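To start, the structure under review is shown below, and the notes come after it.
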Amino acid sequence: MAQITLIEAVTQALAYEMAHDESVVVLGEDVGVNGGVFRATQGLQEKFGEWRVLDTPLDETTIAGVTVGLAVQGMKPVAEAQFEGFIYPMMEQIACHAARLRNRTRGRMTVPAVWRAPWGGGIRAPEHHSEANEHLFTNIPGLRVVMPSSPARAYGLLLAAIRDPDPVMFFEPKRIYRQYKEEVPDDGEALPLDVCFVLRDGTDVTLVTWGAQVKECLEAADELAQKGISAEVIDVATLTPLDFDTIAESVTKTGRCVIVHEAPKTAGYGAEIAARLSEECLYSLLAPVERVTGFDTHIPLFRLEMKYLPSVERIVEAAQRTLAAS
Amino acid sequence: MSIAAKFEIEYLQYLDQDGKEVGKELPEFAKDLDHMVELYKLMVSTRVFDAKSIALQRTGKLGTYASCLGHEAAHVGIGSAMRREDSLAVSYREYGAQLYRGVKPREVYMYWGGDERGNDFADAPKHDFAWCVPIATQCLHAAGSALAFKIRKEPRVAVCTIGDGGSSKGDFYGAINIAGAQNLPLVAVIVNNQWAISVPRRIQSGANTLAQKGLAAGLFCIQVDGNDIIAVRKAMEDALERARSGQGGSVIEAVTYRLGDHTTADDARRYRGEQEVKDAWDRDPVPRLRKWLEAKGKWDEAKEEAWKAECDDWMDKEVDAYLETKTQPATAMFDYLYAELPADLVAQRDFVASLDRQS
Ligand SMILES: Cc1ncc(C[n+]2csc(CCOP(=O)(O)OP(=O)(O)O)c2C)c(N)n1
Ligand SMILES: [Mg+2]
C-alpha cells in the first residue's frame, strides 16, 4: 500500500467518493486542468470530466452560491476556496443560506455541501495566504467545522464531510500538506465527525489543539516527557459540533489544560473550550487553563510569521506553568 | 422591430505587432518622440526589474512573486497617462504603472519579501493604494475614491486595474455600477492577459469583449491593443479627461498576454500550449515600440545597451538596499493595528518583545 501525504489523502478521498457517488462534483478556481494550486484535485478532471470538476469564473460569491444551489438540487458539491484568506465573500452564502436552509424550510431543503480551504500560516506565502479564521465559522449554527491533522484523518474526515447531510467547512492545514506520509488504505472508510482524537495518553496535563499545531503539541509532549511531565494530546478535529466529553474526561484526569491554536487569542475557538472547562470541569482543575495562540494581531508577512505562530517552546512553558501552579 | 438599445465596442490600435503604424493619425503625445523614448525606457527598466525579481525569488531572497512580463505597454500606458493627484488602485503585478508613479523597486521587493514596509511608499503618492491580493476588492476602493473626489468637487480621477479573471468578481461589477449610477470619475482598466492562473479567458465570461461589461453600467467602453502603448495611453488620456470633466467613467479592456508563469509558484506548462505562448511573444510590446522608435531614428543598439546597463545598475542598487534592510522587530506586528496600542494588548506586546530579545 502506498504511503501518502495529507494532500494526497484529500485527493484520494475526493476520487473515491466521486467514483462511488455520481452526485459528487468539485468546483472552484484552478481545480480542473491545473489540479488546484496545491494539487488537491490533481487528475480528477481527467478522470471524471469537465462537468464533475468545474473551473469556475473567479468569484467566490459565485462559487459559494452555486454550491448551495447544487446541493439543494440533490448534488453533493465540494467547493474549494483557493486560500482561507479568500473565503470571506463566501461567508454570506454559507451563513445566510447553507447553514440556515434546513432550519428555514423546516427540513424541506438541505445543503449537503463541503467547502474546502487550505488553512493557516507557516509556508512563507504572500499576504492573505496564511489566515487561520476557523473561529468565524464555529460561531455559525448549523455548520460543521472540521480540520484534519494527518493523512489518515484527512481521508476519513473528508469522506465523512462529503457524506454528511449538512454543510461542512473542511479546513486543510497547508503547512503540513506534505509534512510526512503514512499508509492510508483507499477503502472508503469514513471517520466520525463527532469525536476528538486522543493522539497521546498522559496524566499530568492535556494539550488540546487542531490542524497544523498538532505537530507542535506532539513535539512539546516529547519535550515535556523528558522533563518528567506526562502530556495527553487531543486533536479536536471536528470543532463544531464539539465532542466536549473527550476533552472533559481528559482534563478531569490531568487537572490541567493548555489550548493551542494559530488564530488570534481573543474570541478564538480556544476561548470556547476554556469557557466550557470553567463551566463543566472547574472543580477538577488544578491550575488555570492556559492558551497558547496567535497574538491579537494580523499574522505578519512571512519574515515574522514564525514569531506569531505558537512554538513548541511556548507550549512547553505553558504546560510547565500549569504544573507549577499546583 | 423596435430596438431599445444598440452598442458597439471600438478596438483601438496604432502600432501593429511589427511596430508599423496602422494608418491612424497619432495622438499628440506620440508626436513628442522624446517623450515616447522616455516611455520606452520605462518599459525596458520594468522588464529588467522583473527579471531581477525572479532571480531574487529563485535564490530564496524573495517570496512568491507575480511577474509582469508582457504587460509593460499596458502598465506604463496606464501610469504615464495619470496625474499625480489621481489615485491608483492596483492588484499586484502592475509594476510599470507603479514605477512611473514613484514606487521604488526596493519597496516591491520588501512586500514580496515578506515585509509590510514595502507598502509605505516613500516617493509615490500617499493616496495610491497598496498592493491588493484579494482579487477585485480594489475596484470598490477606487469607486469610493472617485466618490470622495466627486463630493469634494476635486478634478481628480480614481483608476483601478483588474485582471480578466478579476472582472468576474462582484466587486468589479459593483464598482462600475456605482460609477455609472453616480457619474463618478472612475477609470477601470481590465488588463486582459488571457489567463487567471490556469483558467482561460473563455471560462470567465460568455461576452465577446470584457470591455462591454461597462455598457450595462452606463460607462464608456473601449477595447485596446494592450501591447501597443500608444493605444493604451490614448484610451487612458481620453478616459481621464472625460472623468475629470464630469462626463463619467470608463472601462478600458487592454488585450495583452501573460508571457510568464502566473507567479513564481506556478508552472504554466501544466495548462497551456507552447504554440500559444510562442505566438504571444510575436506580439511582445517592448520590441514593437523599439522598432517604431528605431524607424524614427530615435533609438538604436548602442542606446539599448547603454540603457540596459543603466537599468542593471539601478536594480542592483535597489536589490542591495532591499537586502540590507533589517527585519523589523516582531513587536511591529502590534504597532500599526490602532492609532495607539490598546491597554489590553500591552502584555502581549511585551511578551513578543521578550521573543525579540531571545533571538
Ligand atoms: C478573492 C481571491 N480569490 C482567489 C485569489 C487567488 N488568485 C490570485 S491571482 C488569481 C488569478 C487572477 O487572474 P486575473 O484576474 O486574470 O489577473 P492576472 O493574475 O492574470 O493578472 C487568483 C485566482 C485571490 N488572490 N483573491
Ligand atoms: Mg489574467
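Summary table below
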read-out	value
Qualifying residue in the range B:208-216 (condition: within 14 Å of ligand 2 (Cβ to nearest atom), more than 17 Å from B:MET82 (Cβ to Cβ) and either open to solvent by 10 Å² or more (accessible area, probe 1.4 Å) or touching a residue at least 12 places away in the same chain (Cβ under 8 Å) (or both))	yes
Only one of B:LYS52, B:LYS61 that is touching a residue at least 24 places away in the same chain (Cβ under 8 Å), in contact with a Gly (Cβ under 9 Å, 6 or more places away or on another chain), open to solvent by 10 Å² or more (accessible area, probe 1.4 Å) and in the same structural domain as B:ALA268 (by TED's automatic domain parsing)	B:LYS61
Candidates A:ARG314, A:ARG291 - the one that is closer than 23 Å to A:LYS215 by Cβ and over 21 Å from the mean Cα position of the chain (by Cα)	A:ARG314
The range A:77-92, subset away from chain B (no Cβ under 12 Å) and not acidic (Asp, Glu), residue most open to solvent (accessible area, probe 1.4 Å)	A:MET91
Selection count where residues are in contact with a strand residue (DSSP E or B) (Cβ under 8 Å, 6 or more places away or on another chain), closer than 13 Å to A:ARG116 by Cβ and polar (S, T, N, Q), scope the range A:1-53	1
So B:LEU240, is it open to solvent by 10 Å² or more (accessible area, probe 1.4 Å), more than 16 Å from ligand 1 (Cβ to nearest atom) and part of a helix (DSSP H, G or I)	no
Number of positions in the range B:131-177 that are away from chain A (no Cβ under 12 Å), within 15 Å of ligand 2 (Cβ to nearest atom) and not in a strand (DSSP E or B)	2
Residue check for B:ALA175: closer than 23 Å to A:TYR88 by Cβ, within 15 Å of ligand 1 (Cβ to nearest atom) and open to solvent by 10 Å² or more (accessible area, probe 1.4 Å)	no
Qualifying residue in the range B:308-326 (condition: within 11 Å of another protein chain (Cβ to nearest Cβ), open to solvent by 70 Å² or more (accessible area, probe 1.4 Å) and either on the phi < 0 side of the Ramachandran plot or in a helix (DSSP H, G or I) (or both))	yes
B:SER80 in a helix (DSSP H, G or I) and buried (at least 23 other Cβ atoms within 10 Å of the Cβ)	no
Checklist (1) in a loop (DSSP other than H, G, I, E, B); (2) touching a helix residue (DSSP H, G or I) at 6+ places or on another chain (Cβ under 8 Å) applied to B:ARG272, failing item	(2)
Of all residues making up the range A:69-85, the number that are part of a helix (DSSP H, G or I) and either within 16 Å of ligand 2 (Cβ to nearest atom) or modelled with pLDDT under 95 (or both)	0
Those residues of the range A:272-301 which are open to solvent by less than 60 Å² (accessible area, probe 1.4 Å) and within 14 Å of another protein chain (Cβ to nearest Cβ), in sequence order	A:GLU290, A:VAL292, A:THR293, A:GLY294, A:PHE295, A:ASP296, A:THR297, A:ILE299, A:PRO300, A:LEU301
Verdict on B:CYS160 being at pLDDT 95 or above, among the hydrophobic types (A, V, I, L, M, F, W, C), open to solvent by less than 10 Å² (accessible area, probe 1.4 Å) and within 16 Å of ligand 1 (Cβ to nearest atom)	yes
Residue within the range A:114-129 that is within 14 Å of chain B (Cβ to nearest Cβ) and either among the polar types (S, T, N, Q) or within 16 Å of ligand 2 (Cβ to nearest atom) (or both) present	no
Answer from A:ALA95, A:ALA99, A:ALA71 - the residue that is open to solvent by 10 Å² or more (accessible area, probe 1.4 Å), of a type in the set (A, V, I, L, M, F, W, C), in contact (Cβ under 8 Å) with a residue 60 or more places away in the chain and away from ligand 1 (no atom under 16 Å from the Cβ)	A:ALA99
Per-region count, the range B:189-207, residues within 8 Å of ligand 1 (Cβ to nearest atom), at the interface with chain A (Cβ under 10 Å from one of its Cβ atoms) and either assigned to a loop (DSSP other than H, G, I, E, B) or open to solvent by 20 Å² or more (accessible area, probe 1.4 Å) (or both)	1
Subset of the range A:32-55 (residues that are over 20 Å from the mean Cα position of the chain (by Cα), facing chain B (nearest Cβ under 10 Å) and open to solvent by less than 10 Å² (accessible area, probe 1.4 Å))	A:GLY32, A:ASN34, A:GLY35
Pairs with Cβ under 8 Å, 6+ apart, first in the range A:308-326 and in the same structural domain as A:GLU232 (by TED's automatic domain parsing) and among the aromatic types (Phe, Trp, Tyr), second surrounded by 17 or more Cβ atoms within 10 Å (Cβ to Cβ) and at pLDDT 95 or above	A:TYR308/A:GLY121; A:TYR308/A:GLY294; A:TYR308/A:PHE295; A:TYR308/A:THR297; A:TYR308/A:ILE299; A:TYR308/A:PRO300; A:TYR308/B:ALA330; A:TYR308/B:MET333
Residue within the range B:125-136 that is β-branched (Val, Ile, Thr), within 13 Å of ligand 1 (Cβ to nearest atom) and surrounded by fewer than 21 Cβ atoms within 10 Å (Cβ to Cβ) present	yes
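The values are calculated or read from the model by the stated rules, or taken from the named source; none is laboratory data. It should be emphasised that the depicted structure is a prediction, and the values quoted were computed from it without experimental measurement. Using ideal geometry, Cβ is built from the backbone for each residue, glycine included, and neighbour counts are taken over all protein chains shown. Protein only, heavy atoms only, side chains kept; ligands, DNA and RNA dropped before computing areas. Shrake-Rupley method; radii C 1.70, N 1.55, O 1.52, S 1.80 Å.
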